[in-house]
Amino acid sequence: MNDLDSQEKSIFINTICGRYSNKLQAEKDPKSYAHINIYFRLLPWSLFNGISIYSEQSYNHSPWSPYRQAVSKLTIKGKVFIMQNYKIEDAYRFAGGGFNDEILSTIKNENLHLRENCEMNFYKSSNASYKGHLKQSRKYIIERNGRQTYLVSTVEFNKYKFLSLDEGFDINTSQKVWGSESGFLEFNKLCER
């Protein structure tokens, strides 16, 4: 890794890591949006002998029961920031890791399993903003309500906001099966790391 890559990774990490909330969006339109918190936390270098980030999403009323947890390994290839996503085995054991360092320190490499076809690629869209999507479209399959769907995931963030849109489409008809009907979830950054 050269000095430029190292500097770019540092900027990316400092931009994404922190706690985010969509409280304002949820209060403005509670029928369409639940109040959600997202955490992105830097993990110890030793986990992958490289940079990795823990992410956790939970409803505000239930912080100890996150509905999504993952670990992402960060690399750079050219101008692409690559986040390889890992499923956490027995993830419930690490619930609350977004706001508790002691929990995060117990995550081990053997608890992690690569999610095939779930790699997110991010591109710097300006000096302080990033846009990302799944590397391979129509490849990451999720079953919902008895139907096989492919995930379309779009993310934008800067040091103040995090915008996310996940949608599932039927693998045979491309009909939308799940996801927001009202557009992006809009999160404001509440604190660093």
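Bear in mind that the values in this text are calculations on the coordinates, not laboratory data. Bear in mind the structure is a predicted one, so any value in this text is a computation, not a measurement. Every residue, glycine among them, receives a Cβ derived from its backbone with ideal geometry; neighbour counts consider all protein chains shown.
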> Is there a residue being surrounded by fewer than 14 Cβ atoms within 10 Å (Cβ to Cβ), in contact with a Leu (Cβ under 8 Å, 6 or more places away or on another chain) and more than 23 Å from TYR123 (Cα to Cα) anywhere in segment 63-76?
Replying inline: no
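Within segment 146-193, which residues are assigned to a strand (DSSP E or B), among the basic types (Lys, Arg) and either within 19 Å of the chain's Cα centre (by Cα) or within 20 Å of MET83 (Cβ to Cβ) (or both)?
Residues satisfying the conditions are LYS161, LYS189.
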>> Just to check your reading of the model, which residue among TYR67, TYR54, TYR86 is without any contact (Cβ under 8 Å) to a residue 60 or more places away in the chain and in contact with a His (Cβ under 9 Å, 6 or more places away or on another chain)?
In response: TYR86
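Determine whether segment 78-94 contains at least one residue that is assigned to a loop (DSSP other than H, G, I, E, B), surrounded by 16 or more Cβ atoms within 10 Å (Cβ to Cβ) and not charged (D, E, K, R).
no
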> Looking at segment 172-193, which of the residues that are among the aliphatic types (A, V, I, L, M) and surrounded by 14 or more Cβ atoms within 10 Å (Cβ to Cβ) is nearest to GLY146 (Cα to Cα)?
Replying inline: VAL177
>> Checking the conditions here, which among GLU110, GLU143 is exposed (fewer than 13 other Cβ atoms within 10 Å of the Cβ) and outside any strand (DSSP E or B)?
In response: GLU110
